[in-house]
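Let me begin by presenting the structure, written as structure tokens, before commenting on it.
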Number of protein chains: 2
Amino acid sequence: MKLIKSIEEMQKLADLWRRDGKEIAFVPTMGYLHEGHLALMRTAKSEGDVLVVSIFVNPIQFGPKEDYARYPRDLERDLRLAESVEVDVVFVPEVKDMYPEGFQTTVDVAELSKPLCGKSRPGHFRGVATVVTKLFNIVKPHVAVFGEKDFQQLAVIKRMVKDLNMDLRIIGHPIVREPDGLAMSSRNVYLSKEERYVALRLSQSLAIAKNLVKQSILDGAEILKAVTSHLCQDNALRLDYAELRDPDTLDEVSVISKPTLLAIAAFVGNTRLIDNCILNPAEAYTA
Amino acid sequence: MKLIKSIEEMQKLADLWRRDGKEIAFVPTMGYLHEGHLALMRTAKSEGDVLVVSIFVNPIQFGPKEDYARYPRDLERDLRLAESVEVDVVFVPEVKDMYPEGFQTTVDVAELSKPLCGKSRPGHFRGVATVVTKLFNIVKPHVAVFGEKDFQQLAVIKRMVKDLNMDLRIIGHPIVREPDGLAMSSRNVYLSKEERYVALRLSQSLAIAKNLVKQSILDGAEILKAVTSHLCQDNALRLDYAELRDPDTLDEVSVISKPTLLAIAAFVGNTRLIDNCILNPAEAYTA
């Protein structure tokens with residue numbers, strides 16, 4: 001496994017691979033890898049001939065009051081984990097090379113960036129779209145794999161790739177969960193033991209919603225009422241949003257008549273957590 | 001020479017060329033080709049193994065009151081001219097394929113898009129940066145050539161390429177002029193015989209400025225006064241701007257102490273014309 005820090009070196013290697021007819025698979029990450037990342041990497045490995053993983057905590061996708069400075073980092077551990085799933089190259093660029101003086105270009109996916117996390121994190125998806133564009137231009141992948149936990153991010157990137165004619169495939173990977181249901185996230189390390197317990201309400205409320213749909217309760221308001229009353233049973237959790245949206249357009253949905261995204265964001269202590277699932281009316285019992 | 005209309009076909013051919021180790025040179029145009037375009041093509045031809053020219057009148061870089069609908073078009077003539085300089089592929093995408101339903105992604109070069117033409121044409125450079133990004137992702141060039149007549153456009157694109165790590169070279173080509181000095185432009189066809197004569201004031205005023213610099217007059221206000229008084233000698237010309245700017249940052253310049261951009265935009269009748277030159281204090285006579 002090779003560690004590359006230089007943008008130019010990465011681009012040259014990508015060119016060489018492409019000249020050799022190699023399919024380049026790519027998983028961009030912010031590091032502090034967990035089993036969710038490794039699952040993306042295994043999928044990516046099976047989709048390409050060579051696998052590049054980037055580790056870059058992207059400053060421009062964090063708001064001024066967010067956790068950029070304290071975001072967990074452990075490169076040595078990350079390299080060991082990447083090696084364990086046979087990553088070919090770990091690309092670890094430096095902030096000063098990614099955002100040199102005079103940097104001023106951004107990529108904006110207008111509509112899909114507005115609701116949900118876009119509302120509480122203004123500029124976040126512009127930062128994501130911009131850094132992903134940069135990474136795609138550096139790694140030159142044929143295929144890139146993103147987790148469905150960041151469902152809106154995946155929707156934004158798919159739209160960007162289509163709109164800007166980026167010539168690669170985007171694959172979404174199902175959420176990977178802890179045995180107790182908590183969606184894996186590098187930010188879970190922030191949680192105290194008590195908060196970790198409260199955090200389970202996110203996945204639990206998704207299960208509640210799925211059960212309602214199974215019982216043919218397809219009214220959005222009713223589902224969201226059940227979800228929020230479980231999430232907000234006490235002040236240990238502060239809800240950011242719980243919403244039903246079209247998985248492609250992210251338009252609001254009031255009745256579950258086709259597969260519909262249920263997306264949740266909530267603060268447990270100072271930690272912002274997100275989770276989601278697709279509610280499928282085809283799974284309703286026809287009694 | 002091959003005519004390609006399909007985005008996918010263009011991308012596949014670009015991939016094939018790249019696999020074969022061919023250097024792809026690219027000249028994006030809005031068609032209605034003139035000698036200025038052909039000069040860019042000849043330069044591009046000498047920089048690569050294969051030459052692609054795109055012809056696409058890009059709707060999103062025109063303001064609602066601008067000349068998108070009446071912009072001159074003549075594909076047959078353009079194809080003949082392209083063939084004459086041994087273009088390999090003319091890429092002519094359709095608006096519906098470039099901007100399908102749901103399109104919402106834009107590329108913005110914040111600071112360089114603000115002054116000069118950006119002031120009177122809000123959104124123009126966002127439209128340019130977006131379509132050029134798309135065309136680069138479709139044609140996959142190693143090198144692209146742009147005219148220096150659209151100086152700010154060239155500056156915006158250079159910055160975008162650097163900021164987003166697009167792996168290609170951008171070459172600027174000097175302005176090509178008619179024998180009487182008028183900068184070549186597809187829009188010159190709009191001019192009546194009388195307007196055509198008035199339009200000469202743009203290149204004449206550049207010459208006046210250059211002469212002042214040769215005489216060691218380096219004060220910006222003094223130069224601009226001479227320029228505008230020639231341009232605005234009567235109402236046949238309506239000045240949009242005449243400004244001195246740093247060629248890289250486009251910051252305002254008050255004294256010519258290093259090579260400085262003199263940029264002019266003016267309406268002659270309903271036709272908006274632009275022209276520019278670099279004023280170089282090294283060319284002052286040291287008497």
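Rule-based calculations on the coordinates, nothing more; no lab input. Since the model is a prediction, treat every value here as computed from it, not as a measurement. Please note: Cβ atoms are built from the backbone with ideal geometry, for glycine as well, and neighbour counts cover all protein chains shown.
So here's what we get for this one:
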read-out	value
Residue count for segment B:225-284, restricted to those that are surrounded by 13 or more Cβ atoms within 10 Å (Cβ to Cβ), acidic (Asp, Glu) and over 24 Å from B:His173 (Cα atoms)	1
Meets criteria (aromatic (Phe, Trp, Tyr) and touching a residue at least 40 places away in the same chain (Cβ under 8 Å)) for A:Tyr190	yes
Tabulated pairs, segment B:220-245, first over 17 Å from B:Leu279 (Cα atoms), second surrounded by 15 or more Cβ atoms within 10 Å (Cβ to Cβ) and charged (D, E, K, R), C-beta under 8 angstrom, 6+ apart or interchain	B:His230/B:Arg201; B:Leu231/B:Arg201; B:Gln233/B:Arg201; B:Ala236/B:Glu195; B:Leu237/B:Arg201; B:Asp240/B:Arg272
Residue count for segment B:33-69, restricted to those that are of a type in the set (S, T, N, Q) and either touching a strand residue (DSSP E or B) at 6+ places or on another chain (Cβ under 8 Å) or in a strand (DSSP E or B) (or both)	2
Count of segment B:104-124 residues which are surrounded by 19 or more Cβ atoms within 10 Å (Cβ to Cβ), within 13 Å of chain A (Cβ to nearest Cβ) and in contact (Cβ under 8 Å) with a residue 60 or more places away in the chain	1
Within segment B:126-158, considering residues that are among the polar types (S, T, N, Q) and in contact with a strand residue (DSSP E or B) (Cβ under 8 Å, 6 or more places away or on another chain), the one nearest to B:Val95 (Cα to Cα)	B:Thr130
B:Val89 being over 28 Å from A:Ala129 (Cα atoms), over 17 Å from the mean Cα position of the chain (by Cα) and surrounded by fewer than 22 Cβ atoms within 10 Å (Cβ to Cβ)	no
Members of segment A:1-34 found to be within 14 Å of A:Glu94 (Cα to Cα) and without any contact (Cβ under 8 Å) to a residue 12 or more places away in the chain, listed by number	A:Glu8, A:Glu9
Restricting segment A:253-272 to residues that are in contact (Cβ under 8 Å) with a residue 60 or more places away in the chain and in contact with a strand residue (DSSP E or B) (Cβ under 6 Å, 6 or more places away or on another chain), the residue that is nearest to A:Arg196 (Cα to Cα)	A:Val268
